[in-house]
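The values are calculated or read from the model by the stated rules, or taken from the named source; none is laboratory data. Keep in mind that this is a model prediction, so the values were computed, not measured. Glycine gets a Cβ as well: all are built from the backbone with ideal geometry, and neighbour counts include every protein chain shown. Just the protein is used for accessible areas: all its heavy atoms, side chains included, with ligands, DNA and RNA removed. Shrake-Rupley method; radii C 1.70, N 1.55, O 1.52, S 1.80 Å.
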Amino acid sequence: MSGSIVDFFTRVFAALGRGIGHLLAWLAWPFVALGRWYKHRGWIVRAVVGAVVVLFIGLYAYFFWQTQVWTGFDRDYVQAYDLTNRGVSAGEPVAATGEEGPRTCGRSAIADVAADLTDINVNQNAWISSMLLYKLGFFGLDWDDTPFFDNKASFQRGVNQAVRRTSVELVDALGRVRGTSQIDGDLQKARESIQFSEDAWYFGLSPFGPKTPTPGFYRTAITSLRAFNDRLEACDAVFDARADNLIQFLDRIANDIGSTSAILRERSENYNSGWFDTRADDRFWFAYGQLYGYYGLLHAARADFEDVVAQRSLGSLWDTTENQLRAALNITPFIISNGREAGWIMPTHLATMGFYILRVRSNLVELRQVLDR
């Protein structure tokens with residue numbers, strides 16, 4: 001009896017070994033055929049082909065490195081700004097302390113954080129979405145449709161979404177006095193630049209011809225945001241830190257993350273493939289990046305609207321909102337799973353992230369209601 005069982009498993013493992021061998025042979029066949037062809041070519045052809053192969057190996061090594069190394073990522077990055085000790089709202093004149101000098105006003109922490117988040121995306125890291133090998137995909141398959149090498153790109157796009165939404169509010173409401181005043185030129189330039197296509201490379205087909213790649217536009221946005229803040233600090237620009245502007249800003253953020261929550265819910269309800277859902281990871285990391293960006297921007301908004309927050313006694317509720325945002329950033333699973341909510345082997349990380357987003361959105365709505373009283 002024991003001998004027949006041993007024979008059975010021996011045959012099973014032998015069959016598996018043959019299957020794996022056939023699979024490896026099939027995968028290796030194009031490279032073997034190319035090697036034979038390469039061996040019988042002249043030295044000029046071999047030199048050219050060899051240079052191309054070395055170039056592609058170098059490009060892929062750089063691509064893999066950039067997608068796996070996340071420079072500047074820090075869940076507690078807001079602490080570095082030390083905004084709790086600033087003591088002045090954005091655009092408000094700073095009280096003189098000693099000899100008379102040039103008049104100064106409070107900088108906008110929102111503009112600073114938006115510029116820094118973009119700087120991390122395109123200067124401290126490569127902007128993945130516009131890299132040539134990311135655009136080419138995996139043997140023609142979009143990287144977003146694979147379970148690997150797209151997490152950082154999705155995270156960057158999520159952060160960028162938060163900055164884009166904020167740039168619109170800076171132009172339309174925060175950076176000018178009511179709707180009849182002139183739009184700030186630096187903020188307008190920043191908004192136009194940050195809204196540029198996320199996947200532009202040096203050359204494109206539609207329209208055909210050379211292009212400025214996406215990171216170039218985003219670097220312009222960084223420069224423009226910092227130029228606005230320098231002018232604001234010199235009291236040559238406007239930041240209208242009124243309660244109704246803060247209400248509008250909170251509304252826009254709540255609507256933005258509400259849309260993301262709907263995307264997560266749709267994916268979670270209709271695609272329960274567990275670890276094998278190849279789109280779950282980019283949905284998750286986009287939402288994560290969005291919350292990562294809004295964590296800093298809301299922390300900055302509290303400083304920019306310091307007087308409004310103090311007058312309406314929003315400190316405790318604002319702390320709760322920030323704490324919930326920070327708690328969401330603790331969810332960093334090694335493999336993103338989109339299983340059933342009742343599943344015990346393959347969890348549902350999308351539903352978990354959606355839960356945190358709804359908690360944050362609920363607190364934003366409550367903040368808005370208190371401000372609107």
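Assorted remarks:
- Applying the criterion of being modelled with pLDDT of 95 or more and touching a Leu at 6+ places or on another chain (Cβ under 9 Å) to the residues of region 172-188, the residue that is farthest from residue 246 (Cα to Cα) is 186.
- Odd one out for residue 103 among (1) without any contact (Cβ under 8 Å) to a residue 40 or more places away in the chain; (2) open to solvent by 90 Å² or more (accessible area, probe 1.4 Å): (1)
- Test set (1) within 17 Å of residue 113 (Cα to Cα); (2) without any contact (Cβ under 8 Å) to a residue 12 or more places away in the chain; (3) not in a helix (DSSP H, G or I) - residue 209 fails condition number: (1)
- Unique residue being within 25 Å of residue 360 (Cα to Cα), open to solvent by 10 Å² or more (accessible area, probe 1.4 Å), out of contact with any Lys or Arg (no Cβ under 8 Å at 6 or more places or on another chain) and not acidic (Asp, Glu) when the list is 206, 259, 273: 259
Here's the yes/no breakdown for (1) aliphatic (A, V, I, L, M); (2) touching a strand residue (DSSP E or B) at 6+ places or on another chain (Cβ under 7 Å):
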position	(1), (2)
213	no, no
217	no, no
227	yes, no
236	no, no
244	no, no
250	yes, no
271	no, yes
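- If you check 277, 281, 236 for being under 23 Å from residue 330 (Cβ atoms) and outside any helix (DSSP H, G or I), only one passes: 277.
- Set side by side, the residues 109, 126, 162 differ, and just one is among the aliphatic types (A, V, I, L, M) and surrounded by fewer than 24 Cβ atoms within 10 Å (Cβ to Cβ), which is 126.
- Test: residue in region 218-238 that is open to solvent by 70 Å² or more (accessible area, probe 1.4 Å), more than 22 Å from residue 105 (Cα to Cα) and within 26 Å of the chain's Cα centre (by Cα): yes
- For region 68-80, the criterion of being under 21 Å from residue 215 (Cα atoms), part of a helix (DSSP H, G or I) and aliphatic (A, V, I, L, M) is met by none of the residues.
A quick yes/no check of all residues on (1) surrounded by 14 or more Cβ atoms within 10 Å (Cβ to Cβ); (2) not polar (S, T, N, Q):
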{"position": "76", "(1), (2)": "no, yes"}
{"position": "113", "(1), (2)": "yes, yes"}
{"position": "118", "(1), (2)": "yes, no"}
{"position": "130", "(1), (2)": "yes, no"}
{"position": "146", "(1), (2)": "yes, no"}
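- Condition check for residue 150: crowded, with 19+ Cβ neighbours inside 10 Å, over 30 Å from residue 55 (Cα atoms) and of a type in the set (Asp, Glu): no
- Taking (1) under 21 Å from residue 227 (Cα atoms); (2) charged (D, E, K, R); (3) under 20 Å from the mean Cα position of the chain (by Cα); (4) open to solvent by 60 Å² or more (accessible area, probe 1.4 Å) in turn, residue 135 satisfies each apart from (1).
- Single residue of 86, 46, 18, 75 found to be over 30 Å from residue 229 (Cβ atoms) and modelled with pLDDT of 75 or more: 18
- Members of region 246-256 found to be buried (at least 22 other Cβ atoms within 10 Å of the Cβ) and farther than 20 Å from residue 117 by Cα, listed by number: 246
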